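Asks: Right, I'll just put the structure down here and ask away after.
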Amino acid sequence: QVQLVESGGGLVQAGGSLRLSCVASGRTFTRYPMGWFRQAPGKEREFVAAISWSGGDTVYADSTKGRFAISRDNAKNTVYLQMNSLKPEDTAVYYCAVVDNTNYAVPLFASWGQGTQVTVSS
């Protein structure tokens, strides 16, 4: 499996920005599409964004489209999530994951990293 470590979360005011990072180790990172998911208190984990192995194809949830941007640097085994125009409803723990090549909104493996907390104040 691929081991994933997320970072970059924090407390930000509404309208602000954050950049999350996810460093991968283990299996060859460049072979897999990668995604970001989030889980707010009391809610199911939900899909946020995903990117193909080459970085040429990206997919976003409707709630994040136009505000978030996913990217990757395969030389650094890292995937990023640039979050702009943050809203209080973006508050959640954010996780990265290897995703299914046939459906980017589905994680490929059952295990998750520790995630990184994002809190947006109003």
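Asks: I want the local charge near S17. Using Cβ-Cβ distances under 15 Å, sum +1 for each Lys or Arg and -1 for each Asp or Glu among the other residues. Can you show the working numbers first?
Replies: Values: positive: R19, R67, K87; negative: D90.
Here the charged neighbours net out to +2.
Asks: If you don't mind, another one. Straight distance only, please: which lysines reach the Cα of K76 with their own Cα at less than 30 Å, same-chain residues fewer than 8 apart left out?
Replies: Answer for K76, where 30 Å is the Cα cut-off: K65, K87, listed by chain and number.
Asks: Per residue, how much accessible surface does the chain expose to a 1.4 Å probe? Answer in Å², no decimals.
Replies: I get 50 Å² per residue for the chain.
Asks: Can you give me the long-range amide H partners of T91? Hydrogens built in the peptide plane at 1.01 Å from N, cutoff under 5 Å, separation of 5 or more residues or another chain.
Replies: The list, which skips near neighbours in sequence, is V120.
Asks: Here's a follow-up. How large a share of the accessible area of the chain, in percent, is made up of carbon and sulfur atoms when the probe is 1.4 Å and the other protein chains stay in place?
Replies: Details: 2950 of 6160 Å².
Ligands and nucleic acids excluded, carbon and sulfur reach 48 percent.
Asks: Where Lys and Arg each count +1 and Asp and Glu each count -1, what net charge lies around E89 among other residues with Cβ under 14 Å from its Cβ?
Replies: Values: positive: R38, K43, R67, K87; negative: E46, D62, D90.
Computed value for this residue: +1.
Asks: Ok, one more. Please give me, ordered by residue number, the trypsin sites (Lys or Arg not before Pro) of region 25-71 that lie in loop per DSSP and have at most 15 other Cβ atoms within 10 Å.
Replies: Sites meeting the loop and neighbour criteria: R27, K43, K65, R67.
Asks: For V2, what residues show an amide H to amide H distance below 5 Å, using hydrogens built from the backbone and excluding near sequence neighbours?
Replies: R27
Asks: Still on this structure: Report the local net charge at A61: Lys and Arg +1, Asp and Glu -1, summed over other residues whose C-beta lies under 15 Å from its C-beta. Show your work: numbers first, answer last.
Replies: Working: positive: R38, K43, R45, K65, R67, K87; negative: E44, E46, D62, E89, D90.
Result for the neighbourhood of A61: +1.
The values are calculated or read from the model by the stated rules, or taken from the named source; none is laboratory data. Computed from a prediction, not measured in an experiment: that's the story for all the values here. Note that we place each Cβ from the backbone using ideal geometry, even for glycine, and neighbour counts take in every protein chain shown. Ligands, DNA and RNA are excluded from the accessible area calculation, which covers all protein heavy atoms including side chains. Shrake-Rupley method; radii C 1.70, N 1.55, O 1.52, S 1.80 Å.
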